[in-house]
1. Taking the Cα-to-Cβ direction at ASN63 and at PHE114 and moving 7 Å from each Cα, how far apart do the two end points lie in nm?
2. Under a crude label model (7 Å from the Cα following the beta-carbon direction), how far is ARG86 from LEU56 in nanometres?
3. Helix-derived [θ] at 222 nm for the chain: sum -39500 (n - 2.57) over DSSP H runs of at least 4, divide by residue count, nearest 500?
4. Just tell me, in residue order, which DSSP H segments of the chain are both 20 angstrom or longer along the helix axis (alpha-carbon based) and at least -1.0 in mean Kyte-Doolittle hydropathy.
5. For the chain, give the magnitude of the charge dipole about the Cα centre (Cβ charges: +1 Lys/Arg, -1 Asp/Glu; no others), in debye to the nearest 20.
6. How much accessible surface does ASP5 have with a 1.4 Å probe, in Å² rounded to 10?
7. VAL42 versus VAL121, label points 7 Å from Cα toward the beta carbon: distance in nm?
8. Positive end of the dipole of the stretch 94-142, charges at C-beta (+1 Lys, Arg; -1 Asp, Glu), about the Cα centre: which of GLY124, LEU110, SER94 has its Cα farthest in that direction?
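The values are calculated or read from the model by the stated rules, or taken from the named source; none is laboratory data. Since this is a predicted model, take the numbers as computed values, not measurements. Cβ placement follows ideal geometry from the backbone for every residue including glycine, while neighbour counts extend to all protein chains displayed. Heads up: the accessible areas ignore ligands, DNA and RNA and are worked out on the full protein's heavy atoms, side chains in. Shrake-Rupley method; radii C 1.70, N 1.55, O 1.52, S 1.80 Å.
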Amino acid sequence: MRESDLPQVLEIERDAYPTPWTRSHFQFEIRDNAHAINLVLVTAGHVIGYVCCWRLGPELKINNVAVCRSRRGKGAGKVLLDGILRRARQLGCSEATLEVRPSNEAARRLYDRFGFRQVGVRPGYYQDTREDGLLLTLQFEE
Ligand SMILES: CC(C)(COP(=O)(O)OP(=O)(O)OC[C@H]1O[C@@H](n2cnc3c(N)ncnc32)[C@H](O)[C@@H]1OP(=O)(O)O)[C@@H](O)C(=O)NCCC(=O)NCCS
C-alpha cells in the first residue's frame, strides 16, 4: 500500500465499516509505523481490497482487511489473507491473531477457511456497537 492508493482504499474503508479508519490513520501506518505491513490487491489498475497488519515479533496481528463491496464473494479476501500469511511465514512469524465481530459472518467464514480458531473473547471490544471481539489465532506449522 502506498499513499497514492489511499483515495481508493478510503472509498472501500468508508463503505465497509461503521467507524472507518481515517486518512491520517492509514498515513501513519504507511509512513511511521515500523511494525506495519500493508498490502493492496490490485485488479486492472484498481485497488479492490487491502489488509493492514503489524508484525510484533513472532506474531502477525491483522488489524484491517476489506474488499470493495462489488467484488466480494469472489475470492479476493482469500487472496489477501493468503498473501499476508505467506509474507508472515517468510518473515519468521509463528502465529497470526485478529479480532472479529460475532455478527460478521463473512469474515468469520473467511478466517475459518484458513484455520483460525477462537481462543478468547474481548468484552465490549468494539466501542461503536459495544459488540464483543472474538479473539482468533492461527498457529503456523513448522
Ligand atoms: C470479510 C471480507 C473481507 C471477505 O472478502 P471476500 O472477498 O468477500 O471473501 P472471499 O470471496 O474470499 O470468501 C471467503 C470465504 O468467506 C465466505 N463468504 C464471503 N462472503 C460471505 C457472506 N456474506 N456470508 C457468508 N460467507 C461469506 C465465502 O463463501 C468464502 O468461504 P468458502 O470458501 O467456504 O466459500 C469482506 O466481506 C469485507 O470486506 N467485509 C467488510 C469489512 C470486514 O468486515 N472486514 C473484516 C473485519 S474483521
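1. 1.6 nm
2. Between ARG86 and LEU56, the simple spin-label model gives 2.6 nm.
3. -8500 deg cm²/dmol
4. Numbers: long enough: 76-90 (21 Å, -0.10).
For the chain, where a helix must reach 20 Å along its axis and average at least -1.0, the hits are 76-90.
5. On the way: 21 positive and 18 negative charges, 70 e Å.
Dipole of the chain, to the nearest 20 debye: 340 debye.
6. Roll a 1.4 Å probe over it and ASP5 shows about 30 Å².
7. Taking the simple label geometry, VAL42 and VAL121 are separated by 4.3 nm.
8. Going by the Cα projections, it comes out as GLY124.
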